[in-house]
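Beneath this line is the structure, given in structure tokens, with notes to follow.
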Amino acid sequence: MNQSPSTSIQNIRGLDIYPPTHPRIQKMLAKADAPEIHGDKVWFSSYFIMDYLDANPPAPKTRIMEIGCGWGLLSMYCAQNFQARTLGVDADKNVFAFLELHAKRNHVKVKTKACRFENLKPALLTKQDLILGGDICFWDELVEPLHTLIANALAAGVKRIIIADPGRTPFLTLARRCRRLYKGKLKAVNISKPRKHEGYLLIIDNPFAATSP
């Protein structure tokens, strides 16, 4: 029996992606250990970052941490297109089954770590060149933990941090603070595929690190 378009695996940006309506995803979401922090689908801000990286590609083997990774599509895109060494971090360990499903489907490897933003240790941060996150500042309560992570990452020598969002109030609050304290740049962006969406990139370059990737 053929699946309807709404339940078929989609190929977007060269990645096979299961829609939330796919029977396999629905079965996983029905389990008691299903994701708890909005990790039930791919969020669109990841595509803003993909476009930015296409125009500003990181060097091969760049060490990339995706924070609030969810299903990890951004990590997989970086591994597939830039031969990056990727680490997906999320506070909700239950998202990793979905990440692993997609990684296997797309023939890439992504390491994972369950951890809150503010609890990421300097010993781990110092091993990263680039930190990425899409749709991760959606509550007021996330502004402080994310700012703590940004401050810790810059102190640890991370070269660049990129956070994307449609423009929610908590994200814009974080962006204003990062512009003031770290000379972060706020850039308006839009995409047309997989469908039209507008949003912003917050780009923070570390003035004390070596040339950013």
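The values are calculated or read from the model by the stated rules, or taken from the named source; none is laboratory data. Since this is a predicted model, take the numbers as computed values, not measurements. Virtual Cβ from ideal backbone geometry, glycine too; neighbours counted across all protein chains shown.
Using beta carbons and a limit of 9 Å, which pairs, at least six apart or on different chains, have the first residue in segment 186-212 and modelled with pLDDT under 85 and the second one in a strand (DSSP E or B) and surrounded by 13 or more Cβ atoms within 10 Å (Cβ to Cβ)? Listed pairs, sorted by first residue: Lys193/Ile12; Pro194/Gln10; Pro194/Ile12; Pro194/Ile17; Ala209/Arg160; Ser212/Leu130; Ser212/Arg160; Ser212/Asp205. Being outside any loop (DSSP other than H, G, I, E, B), basic (Lys, Arg) and under 16 Å from the mean Cα position of the chain (by Cα): is that true of Lys113 here? Considered against the rule, which asks whether it is outside any loop (DSSP other than H, G, I, E, B), basic (Lys, Arg) and under 16 Å from the mean Cα position of the chain (by Cα), Lys113 comes out as yes. Of the residues making up segment 1-43, those that are at pLDDT 85 or above, touching a strand residue (DSSP E or B) at 6+ places or on another chain (Cβ under 7 Å) and not β-branched (Val, Ile, Thr) number 2.
Is it the case, given these coordinates, that Val110 is of a type in the set (Val, Ile, Thr), crowded, with 17+ Cβ neighbours inside 10 Å, over 21 Å from Ile17 (Cβ atoms) and at pLDDT 95 or above? For Val110, the condition - of a type in the set (Val, Ile, Thr), crowded, with 17+ Cβ neighbours inside 10 Å, over 21 Å from Ile17 (Cβ atoms) and at pLDDT 95 or above - is not met.
Any residue at all in segment 141-161 that's part of a strand (DSSP E or B) and within 16 Å of the chain's Cα centre (by Cα)? Yes, segment 141-161 contains at least one residue that is part of a strand (DSSP E or B) and within 16 Å of the chain's Cα centre (by Cα). Based on what the data block shows, is Leu124 surrounded by fewer than 20 Cβ atoms within 10 Å (Cβ to Cβ), among the aliphatic types (A, V, I, L, M) and closer than 26 Å to Ile12 by Cβ? In short, no.
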